[in-house]
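The structure appears right after this line, and notes come after that.
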Ligand SMILES: [Zn+2]
């Protein structure tokens with residue numbers, strides 16, 4: 001009987017912490033479809049995104065990022081005291097064009113979910129620090145997404161692990 005109560009309580013604790021974790025991430029509805037698309041790609045390349053998702057507090061469209069002639073930030077991640085990403089912010093100005101929005105959102109998502117740093121200062125890649133043309137990337141979208149995922153630090157690390165495991169099993 002006592003055991004059953006303990007199990008029941010344990011169950012309750014698990015459910016409530018699960019619900020709390022669920023509630024913790026606040027996702028702007030305008031970014032949700034792009035995030036869903038990004039997660040579809042994660043599934044395709046067998047990259048787990050659940051734990052990283054629940055490390056976040058917000059995935060949000062904001063109006064506090066700079067938008068000046070030589071100082072424009074269309075997206076950024078913020079970090080907590082220990083250096084982990086806790087928020088993904090997208091500048092409202094990126095909403096003006098769907099293709100720009102998608103490139104910017106995938107760029108910021110990849111920083112967090114794929115462990116990316118910038119691949120170059122200024123090139124035609126999603127992870128370039130600055131992009132000369134979002135439209136070049138948008139035109140080459142499927143290929144760009146494939147490059148983004150298959151050359152990502154998290155994918156390469158996983159592939160190395162698998163090959164080590166295969167080597168050990170022989
Ligand atoms: Zn970046």
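Its convex hull of Cα atoms gives the range 24-169 a direction-averaged projected area, equal to a quarter of the hull surface, of 9.9 nm². Each principal axis of the range 88-129 carries a Cα extent, and these read 26, 21, 12 Å when sorted largest first. Principal-axis analysis of the Cα atoms of the chain puts helix 32-44 at an angle of about 70° to the longest axis. Sorted fewest first by neighbouring Cβ atoms within 10 angstrom, 120, 42 come out as 120, 42.
Note on the chain: antiparallel DSSP beta bridges, both residues inside, total approximately 45 percent of the bridges counted. Between 0 and 90 degrees, the angle of helix 141-150 with respect to the longest Cα principal axis of the chain falls at about 50 degrees. Pairs of Cα atoms nearer than 8 Å and 6+ residues apart set the relative contact order; for the range 24-169 it is 18 percent. Relative to the longest principal axis of the Cα atoms of the chain, helix 2-24 runs at roughly 10 degrees.
Any read-out appearing in this document is the output of simple, stated calculations on the displayed coordinates, not a laboratory observation. All values derive from a computational prediction rather than experimental measurement. When we count neighbours, we look across all protein chains shown, and the Cβ atoms used for this are built from the backbone with ideal geometry, even at glycine.
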